[in-house]
Amino acid sequence: MKDTVQTTTGKRIILRKVKYDQDYIKRSTGEKVFNVCNIILMALLLVFLLYPVLNVLAISMSSETEVMAANVTFYPIGYNPQAYVTIFKDSELWRSILNSAIVAFGGCALSLIALCIAAYPLAYGQFYGKKLYSVIIMFTMWFQGGIVPLFLTIQNLGLYDSLWALILNGLISAYNVVIIRSYFNSIPFSVVESARIDGANDFTILFRLIIPLSKPVIATVALWVIVGHWNDYMNPLILISSTKNHTLQLKLKSLVLAAESSTSNLTTLSQTTAHKGVAALSTQVKNAVLVVSMIPMISIYPFIQRYFISGVMLGAVKG
């Protein structure tokens, strides 16, 4: 693009507007080849990662004959929502979803508070025994008591068959403490010193200054904690006995077992069309269960994606 201006001497000078934009930068042949290879590689990874998810969704919504014939790939053939009808008509499912939501989001809120309180002294504290305090936290990452001591402890505390057993058991993770501590260390210590000069105590500094400045790592750890609670199967299996306190994973497992029992009963029967339909429904229910368990986490991830990416990068600035 060219513009002309007139000087005081009457001469017209041609000015050239140069745009310092990425599109106007001349790239070398090697850079162009690398970009093409990078795009192809990312496209292949996308296919490999996305195809199983689409296949599960397609099987859960396809007709019985197409499922039994193994004709379903990444799109439904002969739309049939019977698997989802079977799942959602169970009244106990909604109760289990509520239990999982209470454990996931309630446990996340309490866990973030406990993690920040545990990480703050490691980042800014100056006290005798700080190294020992750090070693004790790291020790829990390397060694664990095991299932039997965990069960006996929860039982002796009177928390067995309670949602509190799931929340308190996953309250603090040594790995999450280290991640939050690393992010706290990236905040200049002068900020804390200024607040202390102004008369703020440690709790005021933590909750009104440090935590608001640490939104990326808080959002990242929150996602990890929520997903961990939501997908947890072993702890509810061990610590929960009554049906009313079942989480979503336990309820979905019972639905899968019910569908599999319907299929196993066919072994002594002839393979009629009706029996094949029951066998196909079992496969559809299994895949529909996976879809139902994924939907909540997929729904919340886009809202905290930007915090998640920046939190992972910035949380690893210091070790």
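The values are calculated or read from the model by the stated rules, or taken from the named source; none is laboratory data. Worth saying up front: this structure is predicted, and the values here are computed from it rather than measured. Virtual Cβ from ideal backbone geometry, glycine too; neighbours counted across all protein chains shown.
So, Ile295, is that one closer than 30 Å to Val217 by Cα and modelled with pLDDT under 70 or not?
no
Only one of these conditions is not met by Ala58: (1) touching a Pro at 6+ places or on another chain (Cβ under 8 Å); (2) assigned to a loop (DSSP other than H, G, I, E, B). Which number is it?
Against the list (1) touching a Pro at 6+ places or on another chain (Cβ under 8 Å); (2) assigned to a loop (DSSP other than H, G, I, E, B), Ala58 comes up short only on (2).
Taking the condition surrounded by 12 or more Cβ atoms within 10 Å (Cβ to Cβ), under 23 Å from the mean Cα position of the chain (by Cα) and modelled with pLDDT of 70 or more, does Val256 pass?
no
Yes or no, residue by residue, for (1) of a type outside the set (Ser, Thr, Tyr); (2) under 23 Å from Gly106 (Cα atoms):
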residue: Trp142; (1), (2): yes, no
residue: Gln155; (1), (2): yes, yes
residue: Leu159; (1), (2): yes, yes
residue: Val178; (1), (2): yes, yes
residue: Tyr183; (1), (2): no, no
residue: Ala195; (1), (2): yes, no
residue: Asn201; (1), (2): yes, no
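Quick check: anything in region 75-89 farther than 21 Å from Val256 by Cβ and loosely packed, with under 12 Cβ neighbours inside 10 Å?
Yes - at least one qualifying residue is present in region 75-89.
Residue pairs, Cβ under 7 Å, 6 or more apart or interchain, first in region 145-169 and in contact (Cβ under 8 Å) with a residue 60 or more places away in the chain, second surrounded by fewer than 13 Cβ atoms within 10 Å (Cβ to Cβ) and polar (S, T, N, Q). List them.
Here the result reads Asp161/Ser241; Asp161/Ser242, each pair linking region 145-169 to a residue that is surrounded by fewer than 13 Cβ atoms within 10 Å (Cβ to Cβ) and polar (S, T, N, Q).
Quick grid of which residues meet (1) touching a Phe, Trp or Tyr at 6+ places or on another chain (Cβ under 6 Å); (2) surrounded by 10 or more Cβ atoms within 10 Å (Cβ to Cβ); (3) in contact (Cβ under 8 Å) with a residue 24 or more places away in the chain; (4) of a type outside the set (D, E, K, R):
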| residue | (1), (2), (3), (4) |
| --- | --- |
| Gly30 | no, no, no, yes |
| Phe34 | no, yes, no, yes |
| Cys37 | no, yes, no, yes |
| Ile40 | no, yes, no, yes |
| Leu54 | yes, yes, no, yes |
| Ser62 | no, yes, yes, yes |
| Glu66 | no, yes, no, no |
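From Ile211, Ile187, Ile154, which residue is under 30 Å from Ser299 (Cα atoms) and not charged (D, E, K, R)?
Checking each option against the conditions leaves just Ile211.
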